[in-house]
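Some notes on the structure that comes next.
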Amino acid sequence: MSISPLKKVTLVGLAQQKTATLSYLQDLGCMHLVPLSEPPAHAEDAKQRNAEDAYKALHFLAAVEGQRRLVTQDDTFDVEDFVIRTLELKQKLREVGDRRDFLADRIQTLGSWGEIAFPDHEALAGIQLWFYQLPVKERASLDRLDVPWEIVSRDTQFFYVAILSTEEPDEDLLPVPRTHVGDKPVSVLETELEAAEIELETLHAERISLTRYLFLLRRDLALAETQAEIAFAEQQTRDEADVFAVQGWVPEADLAAVETYTEAHELAMIVEDPAWDETPPTRIVQPETEAAGVDLAMFYQIPNYRGWDPTLLLAFSFAIFFAMIVADAGYGAVIMVGLLAGWKRLDSTAHLRAWRRLGLIIAGATIAYGVIVGSYFGVAPADGSIPSYFILLSLNDFDTMMRLSILVGVAHLVIAIAMNARARWASRSSRAQLGWICMILGGMLIWLSGQVGPGFHVSIAVFVGGLVAVIWFTSERPIEKRPDMAWRLFDGVKALNGAMGAFGDVLSYMRLFALGLASASLALTFNDLATQVMDALPGIGILLGLLILLIGHVLNFGLALMSGVVHGLRLNYIEFFKWGLPDEGVAFRPLARKEIQT
């Protein structure tokens, strides 16, 4: 991924050229429009509402299984009427489904009461029936009633009681609330349920039949979006008397095409570099091989136009963090086998091939780190065996693993700060970024030295030098009068509040060691438990032990995968982006056609 340099382009022409110019820009698909006038709010609302309705209909039909053969040509197809019909069908399905669920629940509730047929109100001389589902243990409460009652039915848990009264009984008449049985017997409810089920089947069949028009809906939806985009663009131009002006951001690589059109149609064209106080949109150039890294980066935030490209660093650091958290060569091999099993399926598009490539890097890193720490499904290789010669680290060596996690964290943050400083090198504050690097490295060296000596004094010097640089270079405030120098120093001192944040961010990388140790310990625990069962129960113990191993490692593998993804991305999104990409950008959204190709 790279951030494409942009130019601000202003085109001015005669009013009668406006529609043709916007249509050409839409065909070219390279200009992110800058509004020169405020469009009417109701126009945007109406466009958005119509688009939302169409997408609701599209998603409703696209989710159907067993779709019909697509119709690709139908001159009578009316997209607006089709969307209305589809959404009405969706609403009716919801209403009938709710009624079906209500009837099924009511029948289940009344099943223990049996068939209750209510007489006319006059036949009971104003007396009404009130029903209660009373637990068997509360049977004595019936004997204390001063109104007529009858046990209609019973089971092992409840008495189903009917009370006769002209008025609704008090809430504390019995220790349970009243049961609402409605005025329809079970037989009537069952008939209504059957009718609802049949109606649901009919509606589902209608939904399936509508899927034959999915292609036409997508095509017309894209055409409607194209027309809506051009209409909305016409409202963002500046119109004065007989001339119009349109402005937007255009990639440098596309300037030639715009210039050719303007020369051919005698339009005025002004090309400007982004001003220091402007924030152009970020146009991401996505090589096919880096699409997975782009997805990871863009998932959290869009880089600022004046930022830098985090794709490669993000992809490789995520793979390293994932490997350190899973910390098992066996689990890495499982990932590799799963990747190889779906290798052909992941070859259908360039985007999937990019994710396959990232998966290969992650699986390889996990296997390599598992070999280095000597963990194979929680089993350590025997001394003198070939795998034992590759063990360079031990998860049980807490001091070494803690130091490794801290060093990884420091390296990760230093790279982020250095890239941020490089991106803003022309500014004064970039020197403050170098000061932060010195403070972090100096603090780490002080911690590693552990005692007073030459190395300790050098570490102190590096740390203090970084602190001075942060104080002196953080502020961009111009010095126009004497107090400005004091305010600049005050801004620098205030920036030192980030020192505690930097300390906490470095410590966040301790999770790499903690989660890796937890994964290995849990695998070892399941192995020991299975071994104990096999030794204690000859014969069947082998089956139980294998079952424990299977369930235990599947559970641990799932937890390791989840931890590796969540915490591996967290360290990149929270700590790395905080220091390396502090400013968020705006996505480059050009005026472009939306039609799909057959």
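Kindly provide the trypsin sites (Lys or Arg not before Pro) of the stretch 123-223 that DSSP labels as loop, not H, G, I, E or B, and whose Cβ sees at most 12 other Cβ atoms within 10 Å. Present the calculation step by step, with values, prior to reporting the outcome.
Values: sites: Lys137, Arg139, Arg144, Arg154, Arg178, Arg207, Arg212, Arg218, Arg219; in loops: Arg139, Arg144.
For trypsin sites (Lys or Arg not before Pro) across the stretch 123-223 that sit outside H, G, I, E and B with at most 12 neighbouring Cβ atoms in 10 Å, the list reads Arg144.
Kindly provide the trypsin sites (Lys or Arg not before Pro) of the stretch 470-539 that DSSP labels as loop, not H, G, I, E or B, and whose Cβ sees at most 14 other Cβ atoms within 10 Å. List each step's numbers first, then the result.
On the way: sites: Lys481, Arg488, Lys494, Arg511; in loops: Lys481.
The qualifying sites are Lys481.
If you place +1 on the Cβ of every Lys and Arg, -1 on the Cβ of every Asp and Glu, and leave all else neutral, what size is the dipole of the stretch 394-538 about its Cα centre, to the nearest 20 Debye? Let's see the in-between values first.
On the way: 11 positive and 9 negative charges, 198 e Å.
Its charge dipole is roughly 960 debye.
Tell me whether the stretch 229-268 comes out rounded, prolate or oblate; compute the Cα gyration tensor, take square roots of the eigenvalues as a ≥ b ≥ c, and use a/c under 1.5 as the rounded threshold. Mind showing how you got there, number by number?
Working: a/c = 2.43, a/b = 1.37, b/c = 1.77.
Here the stretch 229-268 falls in the oblate category.
Please report how far the C-alpha centroid of the stretch 394-431 lies from that of the stretch 339-382, rounded to the nearest whole angstrom.
Between the Cα centres of the stretch 394-431 and the stretch 339-382 lies a distance of 26 Å.
Among Ala315, Thr86, Ala411, pick out the residue whose Cα is farthest towards the positive end of the charge dipole of the chain, where Lys and Arg carry +1 and Asp and Glu carry -1 on C-beta, about the Cα centre.
Ala411
According to a simple spin-label model (label point 7 Å from Cα along Cα-to-Cβ), what is the distance in nm between Asp101 and Val271?
6.0
Starting from the residue with the highest accessible area, list Trp276, Trp355 in decreasing order, probe 1.4 Å.
Trp276, Trp355
Which is the longest part of the chain that has none of the GluC sites (Glu not before Pro) sitting in a DSSP loop with at most 15 other Cβ atoms within 10 Å?
On the way: sites that count: Glu65, Glu115, Glu167, Glu171, Glu266, Glu278, Glu476, Glu480, Glu595.
The longest uninterrupted stretch comes out as 279-475.
Check Tyr305: other-chain or 5+ apart residues with amide H under 5 Å from its amide H, H built from backbone geometry?
Residues meeting the amide H criterion: Val586.
For the chain, with the dipole built from +1 on Lys and Arg beta-carbon atoms and -1 on Asp and Glu ones, taken about the Cα centre, which of Ala241, Ala256, Tyr369 lies farthest toward the positive end?
Of the listed residues, the answer is Tyr369.
According to a simple spin-label model (label point 7 Å from Cα along Cα-to-Cβ), what is the distance in nm between Leu58 and Asp535?
Using points 7 Å along Cα→Cβ, the separation is 6.3 nm.
With the Cα gyration tensor of the stretch 197-243 giving a ≥ b ≥ c as the square roots of its eigenvalues, does the rule (a/c under 1.5 for rounded; else a/b larger than b/c for prolate; else oblate) give rounded, prolate or oblate? Intermediate results must be reported in sequence, preceding the final value.
Working: a/c = 8.60, a/b = 4.00, b/c = 2.15.
Cα axes put the stretch 197-243 in the prolate bin.
For n ≥ 4 DSSP H runs only, could you compute -39500 (n - 2.57) per run for the chain, divide by its residues and tell me the 222 nm figure to the nearest 500? Walk me through the numbers on the way to the answer.
Numbers: 19 runs with 342 residues, N = 598.
It lands at -19500 deg cm²/dmol.
So how far apart, in nm, are the two label points at Leu70 and Glu115 if each is 7 Å from Cα heading toward Cβ?
Each label point is offset 7 Å from its Cα along the Cβ direction, giving 5.4 nm.
Between Lys481 and Glu171, what is 0.36 nm times their sequence separation minus the Cα-Cα distance? Round to one decimal in nm.
On the way: separation 310, 0.36 × 310 = 111.60 nm, distance 7.97 nm.
Additional length available on full extension: 103.6 nm.
Can you compute the charge dipole magnitude of the chain about its Cα centre, using +1 on each Lys and Arg Cβ and -1 on each Asp and Glu Cβ, nothing else charged? Give it in debye, rounded to the nearest 20. Provide the component values of the computation, followed by the final result.
Working: 49 positive and 74 negative charges, 629 e Å.
Dipole about the Cα centre, nearest 20: 3020 debye.
For Glu201 and Val566 in one chain, what is 0.36 nm times their gap in residues minus the Cα-Cα distance, to one decimal in nm? Could the numbers behind the result be given before it?
Details: separation 365, 0.36 × 365 = 131.40 nm, distance 4.21 nm.
Gain in length upon complete extension: 127.2 nm.
By how many nm would the segment from Gln16 to Leu543 grow when fully extended, if each residue of separation counts as 0.36 nm and the alpha-carbon distance is taken off? Kindly include the intermediate steps, with their values, before the conclusion.
On the way: separation 527, 0.36 × 527 = 189.72 nm, distance 8.36 nm.
181.4 nm is the gain from fully extending Gln16 to Leu543.
PRE reach from Asn497 (point 7 Å along Cα→Cβ): which of the stretch 406-423 fall under 15 Å by backbone N?
Inside the label zone: nothing.
Once you sort the root eigenvalues of the Cα gyration tensor of the stretch 374-491 as a ≥ b ≥ c, which label holds: rounded (a/c under 1.5), prolate (a/b larger than b/c) or oblate (the other case)? Could you put the intermediate results ahead of the total?
Numbers: a/c = 4.71, a/b = 2.52, b/c = 1.87.
Judged from the Cα gyration tensor, the stretch 374-491 comes out prolate (a/c at least 1.5, a/b above b/c).
Enumerate by residue number the trypsin sites (Lys or Arg not before Pro) in the stretch 299-374 meeting two conditions: DSSP loop (anything except H, G, I, E, B), and at most 12 other Cβ atoms within 10 Å of the site's Cβ.
Details: sites: Arg306, Lys344, Arg345, Arg353, Arg356, Arg357; in loops: Arg306, Lys344.
Those that pass, being in a loop and sparsely packed, are Lys344.
Can you list the lysines whose alpha carbon sits under 27 Å from that of Lys18, skipping same-chain ones fewer than 8 residues off?
The reachable lysines, counting only those whose Cα sits under 27 Å from Lys18, are Lys7, Lys8, Lys47, Lys594.
Within the stretch 557-598, what residues put their amide N at less than 20 Å from the label point 7 Å along the Cα-to-Cβ vector of Ala350?
Within reach of a label on Ala350, which here means backbone N under 20 Å from a point 7 Å along Cα→Cβ, the stretch 557-598 contributes 588-590, 592-598.
Of Val506, Gln532, Leu216, whose Cα points farthest to the positive end of the dipole of the chain (charges on the beta-carbon: +1 Lys, Arg; -1 Asp, Glu; origin at the Cα centre)?
Positive-end residue among those listed: Val506.
Determine, for each peptide in 411-418, 16-23, the mean count of other beta carbons within 10 angstrom over its residues, then list the peptides with the highest first. Working shown, then result.
Details: 411-418: 20.0, 16-23: 16.1.
Final packing ranking: 411-418, 16-23.
At 1.4 Å probe size, with every protein chain present, just tell me what the per residue accessible area of the chain comes to in Å².
Values: 32910 Å² over 598 residues.
On a per-residue basis, 55 Å².
Roughly how many Å is it from the Cα centre of the stretch 206-245 to that of the stretch 459-519, as a whole number?
First find each Cα centre; the distance between them is then 50 Å.
Out of (i) 32.2, 113; (ii) 35.4, 106; (iii) 38.2, 163, which label holds the value of Rg and Dmax of the Cα atoms in Å that was computed here?
Structure-derived value, by its label: (ii).
Taking all protein chains together and a probe of 1.4 Å, list Met485, Met439 from the most accessible to the least accessible. Kindly include the intermediate steps, with their values, before the conclusion.
Numbers: Met485 65, Met439 15 Å².
Result, largest first: Met485, Met439.
To the nearest 20 debye, what is the magnitude of the charge dipole of the stretch 485-598 about its Cα centre, counting +1 on the Cβ of each Lys and Arg and -1 on the Cβ of each Asp and Glu?
Numbers: 8 positive and 8 negative charges, 103 e Å.
Dipole of the stretch 485-598, to the nearest 20 debye: 500 debye.
The values are calculated or read from the model by the stated rules, or taken from the named source; none is laboratory data. A quick note: this is a predicted structure, and the numbers were derived from the prediction, not measured. A quick note on method: Cβ atoms are made from the backbone with ideal geometry, for glycine too, and the neighbour counts reach across all protein chains shown. The protein model used for the area step is the full one, side chains on, heavy atoms only, and it has no ligands, DNA or RNA in it. Shrake-Rupley method; radii C 1.70, N 1.55, O 1.52, S 1.80 Å.
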